[in-house]
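Take a look at the structure set out below.
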Amino acid sequence: MSNLPAPEALRALIAERRLSNRKLARLTDEVNAPARGLSPGHIGNIARGADRPSLAALALIARAAGVAPSYFVEHRLWNARSRLDERVVGVEEALAAFNRVQALLDLEEAAAEAQRRFG
């Protein structure tokens, strides 16, 4: 799992898996058959930050490289946002998710305050 923006995370993944843009493109074709995968040029543009990848492109790249889509921080953020979207999950579930996030933030703030006070 990476906490880097998609272009940097993709470059790291390509290096770690010893892939070229062309090889990764072939792998996206294979995992997306019978539909076409991503082109080497599009993968290169994402890696350079010239193109903003869609969630579908990130998921396809992840599957082709053998990692979970959550490898990409953008995918995790989208999932988090969708859990807070009342149009997606309903008002009660969105409020419950918000309350869980708020409790974590409050806990983090209290821990930081204790660290400041007591070292």
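With one equal scatterer per alpha carbon and no solvent term, the Debye-computed log10 I(q)/I(0) for the stretch 6-69 at 0.12, 0.15, 0.27 1/Å reads -0.22, -0.36, -1.29. In a simple Cβ point-charge model (Lys, Arg +1; Asp, Glu -1; nothing else charged), the stretch 1-71 has a dipole of about 160 debye relative to its Cα centre. Based on the alpha-carbon gyration tensor of the stretch 66-119 and its eigenvalue square roots a ≥ b ≥ c, which shape applies: rounded if a/c is under 1.5, prolate if not and a/b is larger than b/c, or oblate? Note, shape of the stretch 66-119 comes out oblate. What percent does the relative contact order of the chain come to when contacts are Cα pairs within less than 8 Å and at least six residues apart? Averaging sequence separation for qualifying contacts and normalising by length gives 23 percent for the chain. Relative to the first principal axis of the alpha-carbon coordinates of the chain, what is the inclination of helix 73-83, with its axis defined by its Cα atoms, in degrees from 0 to 90 and to the nearest 10? Around 50 degrees separate the two axes. The sum of -39500 (n - 2.57) across all DSSP H runs of n ≥ 4, divided by the residue count of the chain, sets its helix-only mean residue ellipticity at 222 nm to -22500 deg cm²/dmol. Placing dummy labels 7 Å off each Cα toward the beta-carbon, the span from Leu84 to Phe118 is 3.0 nm.
Taking the Cα centre of the stretch 6-119 as reference, the dipole from Cβ charges on Lys and Arg (+1) and Asp and Glu (-1) amounts to some 700 debye.
Sorted largest first, the spans of the alpha carbon positions of the chain along the three principal axes are 53, 40, 24 Å. To the nearest 10 degrees, how steeply does helix 6-16 sit against the main Cα axis of the chain, on a 0 to 90 scale? Rounded to the nearest ten degrees, it is 60.
Since every read-out is calculated from the coordinates, none of them should be taken as a lab result. In this text the structure is predicted, and so the values were computed from the model without any measurement. Glycine also receives a Cβ, built like all others from the backbone with ideal geometry; neighbour counts cover every protein chain displayed.
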